[in-house]
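Q: My questions will all concern the structure given below.
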């Protein structure tokens, strides 16, 4: 590896803030939305995660590995929302 080549991490740390925002958003939806509205708000939380992913990834100086970082960030967001969605039927009155 020469000095000019950027270091590519196996796990992109830039995904963690997006995951945190999606987790907080999902928790807020579960706590504040009423019955049937929970499933309406989950895709909106995902949209916030997608926009946040692109804002963070395109704001980084390192362009190598952009697709990999986006995939990791969005995959984690989908998993978090999938887990939150499995809780929705348990909260139904």
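Q: Here are some residues: 53, 86. Which one is within 17 Å of residue 23 (Cα to Cα) and touching a helix residue (DSSP H, G or I) at 6+ places or on another chain (Cβ under 6 Å)? Walk me through how you get there before you give the answer.
A: Details: 86 fails: touching a helix residue (DSSP H, G or I) at 6+ places or on another chain (Cβ under 6 Å).
On inspection, the qualifying residue turns out to be 53.
Q: Here's something else I'd like to know. What pairs come out if I take residues in the stretch 70-93 that are on the phi > 0 side of the Ramachandran plot and at pLDDT 95 or above and pair them with residues that are assigned to a helix (DSSP H, G or I) and buried (at least 18 other Cβ atoms within 10 Å of the Cβ) whose C-beta lies under 8 Å away, six or more apart or interchain?
A: Pairs that qualify, where the first residue is on the phi > 0 side of the Ramachandran plot and at pLDDT 95 or above and the partner is assigned to a helix (DSSP H, G or I) and buried (at least 18 other Cβ atoms within 10 Å of the Cβ): there are none.
The values are calculated or read from the model by the stated rules, or taken from the named source; none is laboratory data. All of these numbers come straight from a predicted model, not from anything done at the bench. Backbone-built Cβ (ideal geometry, glycine too); neighbour counts: all protein chains shown.
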